[in-house]
Each structure stands twice: as C-alpha cells, then as structure tokens.
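Input: a single structure, listed below in structure tokens.
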Amino acid sequence: MKRAYEYVVVGCGGIGSAAAYWLSREAGEEVLALEQFHLGHDKGGSGDHSRIIRLSYHAPEYTALTPHTYEAWSQAEEESGTQLVIKSGGLDLEPVADEPKYINQYSGAMRAAGIPHEELSPWEVMDRFPQFRLDDGVRAVYQADAGIVDAGRANATHIALARTRGATVLDNIPVRSVRSVGDGAEVATDGGTFSARRLVVAAGAWTNRVLRHVGIEIPITCTQEQVTYFRAPALEEFSPERFPVWIWHGGPDRSFYGVPVYGEPATKAGQDVGGDVVTADTRTFEPNERVRENLRSFLERYIPGSVGPELYTKTCLYDMPPDREFVLGRLPDAPQISVFNGAGHGFKFAGLAGKILSELAIHGETRYPIEAFRVDRPALTDPAYEPVFAM
Ligand SMILES: Cc1cc2nc3c(=O)[nH]c(=O)nc-3n(C[C@H](O)[C@H](O)[C@H](O)COP(=O)(O)OP(=O)(O)OC[C@H]3O[C@@H](n4cnc5c(N)ncnc54)[C@H](O)[C@@H]3O)c2cc1C
C-alpha cells in the first residue's frame, strides 16, 4: 500500500470530505483521507439530513464568504448530478425591548456585502408565513436564498467524487498521532504510518487529540446538542415551498432554530447551545429533557402548528472556540498543517472550507479572506478570554 502522499486529510465529517474532494481535483491519487469511524457515522458534528445554509450572517467576515459557499456547493452538485442545496428562504428573528442587536448586525453585514434582504415587522412575517405567532416586539430579516444543505448526501457526494478522482479514503482507521517532520508531517495509525507533504486536520471535537504532538492546543468547548423531529399534524404547511428556515436570536439559553420538512415526514427544530458541556468521550446519545422541554414550549408559543408527537430526538456535538468564530488557517509554527473548526455553525461552509483548505495545502495561501479566523488570534491565545457562545 502507498505510504507517502502529497496531501493527507484527518477526519471525514463535512469539512474533511470536502477537503478531500477539492484536493483530489488537483492531486487525485496523491490524496489520502482517514476517518476513525465508518463513513456517514453520527458521532461527530455532521450527521443528519439537513443543515441550514444562508447568506445572512452576523459579521462582514462571513458575508464576504457566504456567496462563495453556494458556488462551492454548486460545483459538487454539477459534478455529481446530485442536488445538495434546497432553497426555502430564511428568517432571522429577534425579540426586542428597544433596539434590535442581532437583526442590526445581520442586516449591517448583508448590506456591507450587497446581499439583498428585507427587514420585516412581525405582522409582515405573519402575513407571509402564517405558521408564526409573533408578539409586537419581534424584529425580523428575510433572505430569499437561505435553505437547507442535505448533510448526509453532501458528505457522501464529496467522498464519492474524491474517490472518482483517484483519492484514497479509508474509514475505521483512527489516526493515533500526527507529528511535524521537516516541512512535512507523519501520520500514525493502527494500519501503519503515512507521510504527507501537507496535512489538513478536520477532526471536529477530536482536534486537540489529533494535534497533541504538534505543540498547539486550540481552546475548544464541546456541548451535546440535539434536534427533534415532530410529527406535525399539517405537514404540508411546513414544506420548503411554504415555510422558511428560521433562527430565533433570543440570547443565551433562549436561541432556537428550525427547518422545513425534509428527510423525514416531520418538522425539525433545536435549541442553539442548549446542551451540557461534554467531551467526545463523555457525551452520551441520550436526549436532554430540559432542552426538549425548552424547545417544545418555545414552539408551542411561536410556531404552534409545527409541534406534534415526537418522531425522534437526535444528539450531535458542537465544538466551539471561545468567541464562537471559525478557526481556519495554517498553524503558525507548523504551516504544513492546516486546520478548520466550525464553531457549531460550519456545515453550510463545508464545500468552501474544503476548497480553502485545499488552496492552503497546495499553494500555501488562499484567494478568500480568512484573516479573521486565524489560529493565533487573541480569543484563542489569551487564557483570560471570556467565552461568548450565543449568536
Ligand atoms: C445539532 C446541530 C445542528 C447544527 N446545525 C447547523 C446548521 O444548521 N448549519 C450549519 O452550517 N452548521 C450547523 N451545525 C454545525 C455543523 O454541523 C458543524 O460545524 C460541522 O458539521 C462540523 O464538521 P467537521 O467536519 O468539522 O466535524 P465532524 O463532523 O465532527 O467531523 C470530524 C471528523 O473527524 C473524525 N476524526 C476525529 N479524530 C480522528 C482521528 N484521530 N482519526 C481519524 N478521524 C478522526 C471524526 O470521527 C469525524 O468524522 C450544527 C451542528 C449540530 C451538532
């Protein structure tokens, strides 16, 4: 078996799968991607049918990238003949006492990027989407291009395309250690050691375990999150043609999101950063009753028709730096190694992040503006930095 590769990717969740695909476009058989579990597993951050994709974001560093993320998905869709993005439109909603905080940030960042959007009163929202029951104090911004990425299908598509282009993708192979060797890297597994000229680490909640011999630790907090599928009585009212993806920016412990009917005969919603702090080892797959109740009471009040008997609740891991912004770049002391952390909102960017990671690996730089996400920013290096997870 070949032991020396130009490019090795550690982790085949959403990001690693995409990185393997984009690397394979340039380097085919010189690409090796390693996954510790079976492909398509649900122990990390990328399982399930759907993830929200949107042009709307809280800061210009993201709205400079969001249009490109759609382009990256289109590339994989065209090459595979598979639809990965389903547009439904999207609402950001915020309950306000006086001046909106999040809505102003989202509108401002979209304005800065020239992204068309509409600010709506609660009555305008309910005219358009009668599924909502909003109080007078709610403010909203609507963006028509938002929707869903089919997460499971997207991962499988990136892997299939990478393999077609000659990449080797091995699952059930945990990487035991990674070391810098000269200006390359060595990757030890139970199945032997591989060498790489450039290494991409897309290991989600396991990132620091993978990097522990490289001399860097990224402060990552993991929480056990969950989404619930509800057998709503009038499902057709919640189809992607009639119901948008939505995010309720209620601040810490009061933020929720949901998507139209997709992948299951059910609506789907969750609480953002609702779950307990865990590690990849201590997490369970048991739903948290407190979070389940928070979500149900929120939905009964604001989107009552979307609730029904529970189909199932599925747990998932968030892996977040203290400022909850992405980590994307080359390691300062080992630039042959690039990393990504999605901060609990990264899936929509998987295609683009994979493309950027491939550019960093191949050219040492990228055409996309990623300075804000650098590995040595104060939020990641100052131990006194106070974590802020609400978005
Ligand atoms: C409930 C929930 C809802 C979310 N909703 C959205 C949303 O609507 N929109 C959005 O954009 N984002 C959303 N996110 C966030 C998004 O899903 C994640 O940011 C993204 O999927 C992370 O992908 P990843 O590839 O970085 O991590 P992961 O999917 O966790 O992949 C990391 C992979 O690396 C592998 N690995 C780790 N260590 C090793 C090793 N030593 N050897 C080999 N393999 C290894 C793991 O097994 C895993 O497969 C949500 C997340 C959750 C949990």
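The values are calculated or read from the model by the stated rules, or taken from the named source; none is laboratory data. Please read all numbers here as calculations on a predicted model, not as lab measurements. Positions of Cβ are backbone-derived with ideal geometry, glycine not excepted, and every protein chain shown enters the neighbour counts. Accessible surface is based on the protein model in full, side chains and every heavy atom, while ligands, DNA and RNA are left aside. Shrake-Rupley method; radii C 1.70, N 1.55, O 1.52, S 1.80 Å.
Which numbered condition trips up Y229, out of (1) open to solvent by less than 20 Å² (accessible area, probe 1.4 Å); (2) within 30 Å of A97 (Cβ to Cβ)?
(2)
Of these, G147, G152, which one is within 16 Å of the ligand (Cβ to nearest atom), open to solvent by less than 10 Å² (accessible area, probe 1.4 Å) and under 30 Å from H68 (Cβ atoms)? Working first, answer last.
Details: G152 fails: open to solvent by less than 10 Å² (accessible area, probe 1.4 Å).
So the residue among G147, G152 that is within 16 Å of the ligand (Cβ to nearest atom), open to solvent by less than 10 Å² (accessible area, probe 1.4 Å) and under 30 Å from H68 (Cβ atoms) is G147.
Which of the following residues is basic (K, R), part of a loop (DSSP other than H, G, I, E, B) and within 27 Å of A156 (Cβ to Cβ): R324, R283?
Details: R324 fails: within 27 Å of A156 (Cβ to Cβ).
Residue meeting the stated conditions: R283.
Would you be able to tell me the number of residues in segment 80-97 that are surrounded by fewer than 15 Cβ atoms within 10 Å (Cβ to Cβ) and farther than 28 Å from W248 by Cα?
1
Looking at V227, V273, can you tell me which residue is within 11 Å of the ligand (Cβ to nearest atom), in a loop (DSSP other than H, G, I, E, B) and at pLDDT 95 or above?
Details: V227 fails: in a loop (DSSP other than H, G, I, E, B).
Sole residue among the options that is within 11 Å of the ligand (Cβ to nearest atom), in a loop (DSSP other than H, G, I, E, B) and at pLDDT 95 or above: V273.
Is there a residue in segment 337-349 that is away from the ligand (no atom under 11 Å from the Cβ), surrounded by fewer than 23 Cβ atoms within 10 Å (Cβ to Cβ) and either among the aliphatic types (A, V, I, L, M) or in contact (Cβ under 8 Å) with a residue 60 or more places away in the chain (or both)? Walk me through it before giving the result.
Filtering segment 337-349 down to residues away from the ligand (no atom under 11 Å from the Cβ) leaves 337-338.
Among the residues that remain, those that are also surrounded by fewer than 23 Cβ atoms within 10 Å (Cβ to Cβ) are: none.
The answer is no; no qualifying residue exists.
Quick one: how many residues across segment 163-202 are open to solvent by 70 Å² or more (accessible area, probe 1.4 Å) and assigned to a loop (DSSP other than H, G, I, E, B)? Before the answer, list the steps.
First, pick out the residues of segment 163-202 that are open to solvent by 70 Å² or more (accessible area, probe 1.4 Å): 163-165, 172, 176, 179, 181-183, 186, 190, 197.
Imposing the further condition that a residue be assigned to a loop (DSSP other than H, G, I, E, B) reduces the set to 165, 172, 182-183, 190.
Here the count works out to 5.
Among the residues of segment 226-241, write down those that are out of contact with any Lys or Arg (no Cβ under 9 Å at 6 or more places or on another chain) and in contact (Cβ under 8 Å) with a residue 40 or more places away in the chain.
R231, A232, P233, A234, E237, F238, E241
Out of the helices (runs of 4 or more DSSP H) lying entirely within segment 1-86, which hold 1 or more residues that are near the ligand (Cβ under 8 Å from one of its atoms)? Talk me through it step by step, then tell me what you get.
Working: elements: 14-27, 60-63, 66-80.
Answer list for segment 1-86: 14-27.
Mind listing whichever residues of segment 244-254 are in a loop (DSSP other than H, G, I, E, B) and either within 17 Å of the chain's Cα centre (by Cα) or under 17 Å from D145 (Cα atoms) (or both)?
Kept after step one, since they are in a loop (DSSP other than H, G, I, E, B), are these residues of segment 244-254: 244, 249-254.
Scanning segment 244-254 gives a single hit, P244.
Being under 16 Å from I370 (Cβ atoms) and more than 10 Å from the ligand (Cβ to nearest atom) narrows it down to one residue among L311, L331; which is it? Please lay out each step first, then the result.
Working: L311 fails: under 16 Å from I370 (Cβ atoms).
Exactly one residue qualifies, and that residue is L331.
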